[in-house]
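Notes to accompany the following structure.
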Amino acid sequence: SVNYVGQGIGKGLEQVIEKRSDTLDRNADYKAVSRIARLPEYLTVAFNRFSWKASESVEAKIVKSVKYPLDLDVTEFCTEELQMRMRPARQRVRDIDDRLAMERKLKAGKKSSQQEEEPLEPLAPFVLDDELKADVGCNPSGVYELVGVVTHIGRSANSGHYMGWVRKEKGVGGPEPKSNADTRNWWYKFDDDEVSMVTDEDILKLCGGGDWHTAYVTLYRAKQLN
């Protein structure tokens, strides 16, 4: 039982193995911890939302809240070698995030003061690790951004309603809502043939814990380096 996606990933890389101990002269439990040597460009996280309730002989839905972030950093679960090779790309991601935060701040200041926006200095070039550069389809930074969620609503494991929530790329796919909502991204909410748009905050509320939509699958994509 976990409360956060990161905890679940960490537990998934651990296992207890029973084997003979010469020191104890008996069988003992050993904890084996695995580490990731390569990260995919897209990372799918499936939530265990259904379980068999033996006392009632029914399949039950698990509505427990499991929080997930908009940006997911899995570096701590990687091998030391991979962590070292990812350092330049990780710094690049930090620089881009800082740049985007500054652009949002300047844009907000421009709206309030009506002043002319000053251009920012271009980002300094960086050198990506040769092995990661040649590995098409990998994540060279260890940092992901949430781009999709599949949810289930309903208390029963054998009924209910599934929906898809997909992040809208800025400037792509039509106009965005005219709203003052404080959101980095807008999201498409696909409810059968009805499509509407929601904010980052709405997406984070899909973590479970009640009768509202409960995240069943989250899809992460490697953060862009340009």
Next on the checklist: Filter region 200-214 down to the residues that are under 13 Å from the mean Cα position of the chain (by Cα) and part of a strand (DSSP E or B) and list them by number.
Outcome noted: Cys207
Item to check | Within region 28-57, tally of residues that are at pLDDT 95 or above, more than 13 Å from the chain's Cα centre (by Cα) and either open to solvent by 100 Å² or more (accessible area, probe 1.4 Å) or farther than 20 Å from Gly12 by Cα (or both) | outcome: 2
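Does Asp191 qualify as being in contact (Cβ under 8 Å) with a residue 24 or more places away in the chain and of a type in the set (Asp, Glu)? Can you show your working first?
Details: in contact (Cβ under 8 Å) with a residue 24 or more places away in the chain: yes; of a type in the set (Asp, Glu): yes.
It is true that Asp191 is in contact (Cβ under 8 Å) with a residue 24 or more places away in the chain and of a type in the set (Asp, Glu).
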Checklist entry - Out of region 72-89, which residues are surrounded by fewer than 18 Cβ atoms within 10 Å (Cβ to Cβ) and under 18 Å from Tyr220 (Cβ atoms)? => result Asp73, Thr75, Glu76
Checklist outcome for this item: Within region 124-139, the count of residues that are within 18 Å of the chain's Cα centre (by Cα) and open to solvent by less than 20 Å² (accessible area, probe 1.4 Å) comes to 2
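Could you tell me which residue of region 58-67 is surrounded by the most Cβ atoms within 10 Å (Cβ to Cβ), considering only residues that are of a type in the set (A, V, I, L, M) and part of a loop (DSSP other than H, G, I, E, B)? Give the steps one after another, and end with the answer.
Going residue by residue through region 58-67, those that are of a type in the set (A, V, I, L, M) are 58, 60, 62-63, 66.
Keeping just the survivors that are part of a loop (DSSP other than H, G, I, E, B) gives 62-63, 66.
Values: Ile62: 14, Val63: 15, Val66: 22.
Restricting to residues being of a type in the set (A, V, I, L, M) and part of a loop (DSSP other than H, G, I, E, B), the top hit is Val66.
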Checklist entry - When region 198-213 is examined, which residues are found to be within 22 Å of Asp73 (Cα to Cα) and not hydrophobic (A, V, I, L, M, F, W, C)? => result Thr199, Asp200, Glu201, Asp202, Lys205, Gly208
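Sort out which residues of region 1-27 are surrounded by 11 or more Cβ atoms within 10 Å (Cβ to Cβ), in a strand (DSSP E or B) and in contact (Cβ under 8 Å) with a residue 12 or more places away in the chain, and write them in order of number. Can you show your working first?
Step one: filter region 1-27 for residues surrounded by 11 or more Cβ atoms within 10 Å (Cβ to Cβ), giving 2-13, 15, 21.
This time we only want the ones that are in a strand (DSSP E or B), so: 4, 15, 21.
Of everything in region 1-27, those that are surrounded by 11 or more Cβ atoms within 10 Å (Cβ to Cβ), in a strand (DSSP E or B) and in contact (Cβ under 8 Å) with a residue 12 or more places away in the chain turn out to be Tyr4, Gln15.
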Checklist entry - If you check every pair at least six apart or on different chains, which have Cβ atoms under 9 Å apart with a residue in region 77-102 that is under 15 Å from Phe126 (Cα atoms) and touching a residue at least 40 places away in the same chain (Cβ under 8 Å) first and a residue that is among the polar types (S, T, N, Q) and buried (at least 19 other Cβ atoms within 10 Å of the Cβ) second? => result Met86/Asn139; Met86/Ser141; Pro88/Ser141; Ala89/Asn139; Ala89/Ser141; Arg90/Ser141; Arg92/Ser141; Val93/Ser141
Next on the checklist: Suppose we filter Val195, Val217 for residues that are in a strand (DSSP E or B), more than 12 Å from Val149 (Cβ to Cβ) and of a type in the set (A, V, I, L, M, F, W, C); which single one remains?
Outcome noted: Val195
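The values are calculated or read from the model by the stated rules, or taken from the named source; none is laboratory data. Quantities reported herein were computed from a predicted structural model and do not represent experimental measurements. FYI the Cβ positions are ideal-geometry reconstructions off the backbone, even for glycines, and counts take in every protein chain you see. When the accessible area is computed, the model is the full protein with side chains, heavy atoms only, and any ligands, DNA or RNA have been set aside. Shrake-Rupley method; radii C 1.70, N 1.55, O 1.52, S 1.80 Å.
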